[in-house]
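**Q** I have a structure here, written as structure tokens, and I will follow up with some questions on it.
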Ligand SMILES: [Zn+2]
């Protein structure tokens, strides 16, 4: 569904939209504190897409548009 050939994939062929792939938000130090200790949501510094089957991080983005979707 709307997948382009340029879509990044892990070794076992899972793309970003796959059910076995989770975006892992990365926060800077102070953001981690704010998010986890004060319950405030802040956009992460970056998103790492990791396949839960092969444990490979095959795509990482710092695109603000994409980060906002995961706030
Ligand atoms: Zn994989």
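**Q** Out of the residues in the stretch 7-26 meeting the condition of being closer than 17 Å to residue 70 by Cβ, assigned to a loop (DSSP other than H, G, I, E, B) and touching a strand residue (DSSP E or B) at 6+ places or on another chain (Cβ under 9 Å), tell me which one is nearest to the ligand (Cβ to nearest atom).
**A** 18
**Q** On the basis of being at pLDDT 85 or above and surrounded by 16 or more Cβ atoms within 10 Å (Cβ to Cβ), does residue 55 make the cut?
**A** Against the criterion (at pLDDT 85 or above and surrounded by 16 or more Cβ atoms within 10 Å (Cβ to Cβ)), residue 55 does not qualify.
**Q** Among the numbered criteria (1) touching a strand residue (DSSP E or B) at 6+ places or on another chain (Cβ under 6 Å); (2) in a loop (DSSP other than H, G, I, E, B); (3) within 16 Å of the ligand (Cβ to nearest atom), which one does residue 44 miss?
**A** Here residue 44 clears every test but (3).
The values are calculated or read from the model by the stated rules, or taken from the named source; none is laboratory data. In this text, all values refer to a predicted model and were calculated from it rather than measured experimentally. Reconstructed Cβ throughout: ideal geometry from the backbone, glycine too, with neighbour counts over all protein chains shown.
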